[in-house]
Amino acid sequence: MTAVRAVEGTGPDAARVVAVARAADPDAPWGEGDFRRHAASEPRHLLLLAADAGADVAAAELGAIEAWDEPDGMWLWLWVLPGHHAGAGAVLWDAVAAHCARHGVTGLRTALPADLPDTLDLLTRHGFREVERQQRVTLPLGARPADPVPPAGITLVRLADDPGLLDGVLALDAECIPDIPGEEGATLLVPGRGWWEERLARGEFDARTIVGAVADGRAVAYTVLRHHRGRPDVADVDFTATLRAWRGRGLAALVKRACHAAAWDAGIREVRSWNDLGNAPMRAVNAALGFTRGPDVLQMRADAWT
Ligand SMILES: CC(C)(COP(=O)(O)OP(=O)(O)OC[C@H]1O[C@@H](n2cnc3c(N)ncnc32)[C@H](O)[C@@H]1OP(=O)(O)O)[C@@H](O)C(=O)NCCC(=O)NCCS
């Protein structure tokens, strides 16, 4: 007998959702603190736990869509233990769909490692389709990386040391986000200052691990890591960008190297990155830096579901 119930992101049972997420996907980095952060930024936030014969076997989270300008949509995280897709997975899905109906949610997005075929099957049966495929790469930091030496005319700065770098980051985002290869026709969100300040205040971004390359007083490249409460030793590259006129001169590699040294100082021991398979320059940079590839990740969306 499967029972699904909503769990308070701030309550004691959120830890059980963390345990299910880890069991279903060992790379899931979220902890209770991340659920609290997600809930604080999204009034429609929902955390669900499904138990079968008293054992926790599946969980889901609905939160805000971050990278796309889709305010009527939500992001779905779905974790189902092997063997429970037809039972608990199906009941959990019904609860997700009911929540969406109650809140007028008209689109769902999710990301799924390609080595979870049962979850892929569950999502596909309910109307999800693959819209983009990304390579997932990781770089364990076995020791503190050396600080790179910038070429003449370039200075490396961390946001923690120079809050003015944020102005340059906003300009880089405006120029470079539309250049990210990916889903045809999708509108990526170009974040404003408030978006950045919110993430810094919540600890998702850390001013110590936002590194820019500055030439003639202007930021020409930068990279930023996203941190997780559930895995404080792991961080994900949220974005790396170089102004168009400055590309092909090694600046993305430079800011990333500097960021890895800064990340080590901030307690990070593994850096992970997701890159669209069509993003040849970013993939080349990560390969040269020693990142190794794991299972690909499918970006999926549903605009109507059953
Ligand atoms: C991806 C991006 C940050 C790279 O910046 P950059 O400063 O030009 O990168 P670098 O100069 O350090 O390195 C680029 C590498 O890609 C390689 N490259 C460029 N075009 C390539 C292609 N079509 N195929 C294969 N390799 C390519 C270059 O040869 C270089 O490698 P090398 O140093 O071994 O020669 C920049 O293109 C950008 O801002 N793109 C838009 C935003 C984006 O997609 N960001 C990443 C999303 S997470």
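Restrict the check to segment 158-167 and report whether at least one residue is within 16 Å of the ligand (Cβ to nearest atom) and not charged (D, E, K, R). No; the residues of segment 158-167 include none that is within 16 Å of the ligand (Cβ to nearest atom) and not charged (D, E, K, R). Scanning segment 171-193 for residues that are surrounded by fewer than 17 Cβ atoms within 10 Å (Cβ to Cβ) and more than 19 Å from the chain's Cα centre (by Cα), we see that the one that is farthest from the ligand (Cβ to nearest atom) is ARG193. When GLY142 is tested against (1) over 21 Å from the mean Cα position of the chain (by Cα); (2) within 18 Å of ARG257 (Cα to Cα); (3) within 16 Å of the ligand (Cβ to nearest atom), just one condition goes unmet, and that condition is (3).
Within the set THR306, THR209, the sole residue that is more than 10 Å from the ligand (Cβ to nearest atom) and in the same structural domain as ALA146 (by TED's automatic domain parsing) turns out to be THR209.
For the subset of segment 237-257 comprising residues that are more than 6 Å from the ligand (Cβ to nearest atom) and of a type in the set (A, V, I, L, M), which member is nearest to ALA219 (Cα to Cα)?
Only one residue fits best here, namely LEU243.
Residue count for segment 12-24 satisfying the condition of being surrounded by 13 or more Cβ atoms within 10 Å (Cβ to Cβ) and either at pLDDT below 85 or among the acidic types (Asp, Glu) (or both): 1.
Among the residues of segment 275-291, write down those that are buried (at least 18 other Cβ atoms within 10 Å of the Cβ) and more than 7 Å from the ligand (Cβ to nearest atom). Give the steps one after another, and end with the answer.
Kept after step one, since they are buried (at least 18 other Cβ atoms within 10 Å of the Cβ), are these residues of segment 275-291: 275, 279, 282-283, 285-286, 291.
Scanning segment 275-291 gives ARG283, ASN286, PHE291.
The values are calculated or read from the model by the stated rules, or taken from the named source; none is laboratory data. Since this is a predicted model, take the numbers as computed values, not measurements. Don't worry about glycine lacking a Cβ; one is built from the backbone with ideal geometry, like all the others, and counts go over all protein chains shown.
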